[in-house]
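The values are calculated or read from the model by the stated rules, or taken from the named source; none is laboratory data. Keep in mind that this is a model prediction, so the values were computed, not measured. Virtual Cβ from ideal backbone geometry, glycine too; neighbours counted across all protein chains shown. Keep in mind that these areas ignore ligands, DNA and RNA; they rest on the heavy atoms of the full protein, side chains included. Shrake-Rupley method; radii C 1.70, N 1.55, O 1.52, S 1.80 Å.
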Amino acid sequence: MSTLPIVLKDPRILLLGGGAVALHKARVLLDNAIDFCVIAREFCAGFDELPLVRIVKGIETADLADFALVVDATGASEVAQLLAREKQRRLLLVNAVDAPERCDFYFSALLRRGDLKVAVSSGGASPTLTQIVRDRIDRLLPAELAALTAVAGRDRQAGHSDAMALRTQAHRLLGEVLLIGCGPGAAALLTRQAYEALQLVDLVLYDHLISDEILALVPAGVKRRYVGKQKDRHSCSQEEINQLLIDHASQGLRVARLKSGDPYVFGRGAEEALCLAQQGIRVQVVPGLSSALAGPALAGIALTARGYATGFSVVSAHLAGNRFNQAWLELLHLPQHTTVVLMGLSFAAQIVEAALARQVRPDLPVAIVANATRDNQQVIVSSLAQLVEDARQACRPAVLVFGEVVRLQARLPSCGGRIPGLESQ
Ligand SMILES: C[S@@+](CC[C@H](N)C(=O)[O-])C[C@H]1O[C@@H](n2cnc3c(N)ncnc32)[C@H](O)[C@@H]1O
């Protein structure tokens, strides 16, 4: 069997049947502004809401006279026979719902952006599959394509289409950047949305904390580029990264910008999103599980716990230009408060010196959680007085957790990224 998807101009269709299947077809025809007539002895309740004229009667050969296209949604053998007899007499094209062997044409799964339509057909093999593929494509095509199609149509009619300009505009519309939060490292802690987003991209730009197991989830054939900025070792400046994102998205590509943890927690995600928005490039943000939350949790540190902490803060010890941020140190005086410090390990000596100078008590509990959620997760329970020495034994990356909740660490469950018994890992 060979098939050819074509676009019919102003077809007139006869729809036979008044049940749920016919109702579905009627809705599709109405959605596409198709001129059609529907005949059945009885109509189910849903038809009452549709703006169409129903002809209530049994189906006869004479009803077919004005039509070349018929959709048979009756499922009735006498209607099938009547149509077969008529087809012997003249050219009549029939779509018999759920009976591919009786079909002369199939409906495709459609999606629309104004006059732009995408039709997916499996040649009658599987309407379910065509719908799944249609829905996947649907997620990739922005609503603004409707307006662009309208403008392109008007320009063409007026005789001044500019293919180059249209190409640029279409690429601008279709290109986008996904700022994807990849969590602290374990693939099992990637969100489902992040995983699904990854399956639909053309290019991946990733940071140095993106783990190998997350990169292994990028489909084969999708280009990857490392744009990591380790302390004192930047493979790309932020300006270069912004420009790469702009350049690729402007070519119509879907670019995944992979960030560790959550993109908006000390990940410069906001900067990138603002820069892209300024250039008129679409950006979507996929939140991720921040190391500030997941790290302590898997290390047996509850950020809040009755009697120990009524709240917590997340801060960075690092400021632009590799400077030490001191602004948060007063938090260490707050009673029943936990302070999670990112990018703090290399500033351990400065933190201790500045905290002691502010009369923070030396026995304030501190934990270092390094490589959180990964196979080599490391947890060191310490105190402000001991921190400099203990920090020397710690790996990177690490979060520091200050507060009384650290005292509970020995009594709460702790593990690395692998939770025994959870098979998805
Ligand atoms: C540039 S910040 C990015 C934070 C990230 N956006 C987040 O929400 O986790 C990098 C810092 O995050 C922390 N970090 C990230 N992943 C970590 C991990 N697996 N274990 C411990 N700390 C981690 C460290 O403090 C590291 O210096």
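Worth pointing out:
- Efficiency of FRET from Cβ geometry, D390 and H208, R₀ 30 Å, rounded to 0.05: 0.80
- Built amide H within the under 5 Å cut-off of E176, gap 5+: L253, R254, V255
- Considering only R225, R233, R268, the mean-square fluctuation computed in a Gaussian network model of the chain, springs between alpha carbons under 10 angstrom, is largest for R233.
- Net length gained if the chain between E101 and R156 were fully extended (0.36 nm per residue, minus Cα distance): 15.7 nm
- 5 angstrom amide H check on F312, placed H, neighbours 5+ away: T338
- Accessible area (Å², 1.4 Å probe, nearest 10) - H333: 80
- Relative contact order for the chain, counting Cα pairs under 8 Å that sit 6 or more residues apart, in percent: 11
- Nitroxide proxy distance, nm - points 7 Å out along Cα→Cβ at Y195 and E78: 5.4
- GNM flexibility winner over the chain from A62, A170, A256 (Cα, springs under 10 Å): A62
- Computed FRET value (nearest 0.05) for I6 with A165, which takes r as the C-beta separation and R₀ as 25 Å: 0.30
- Less than 5 angstrom separates the built amide H of D104 from those of V94, N95, A96, all sequence-distant by 5 or more or on a different chain.
- The lysines whose alpha-carbon is closer than 17 Å to the alpha-carbon of K229, local same-chain residues fewer than 8 away aside, are K259.
- With the simple model of a label 7 Å out from the Cα in the direction of the Cβ, L274 to Q326 spans 2.6 nm.
- Taking all protein chains together and rolling a 1.4 Å probe, L293 ends up with roughly 80 Å² accessible.
- For the chain, a Gaussian network of Cα nodes joined below 10 Å ranks I281, I301, I55 by mean-square fluctuation, and the top entry is I55.
- Calculated [θ] (222 nm, deg cm²/dmol) that DSSP helices of n ≥ 4 give over the chain, each run adding -39,500 (n - 2.57): -8000 deg cm²/dmol
- Spin-label model, L110/C37: points 7 Å from Cα along the beta carbon direction are separated by 2.1 nm.
- For D375, the solvent-accessible surface computed with a 1.4 Å probe is close to 130 Å², ligands and nucleic acids excluded.
- Over the Cα atoms of the chain, the radius of gyration divided by the Kirkwood radius equals 1.17; this is the Rg/Rh ratio.
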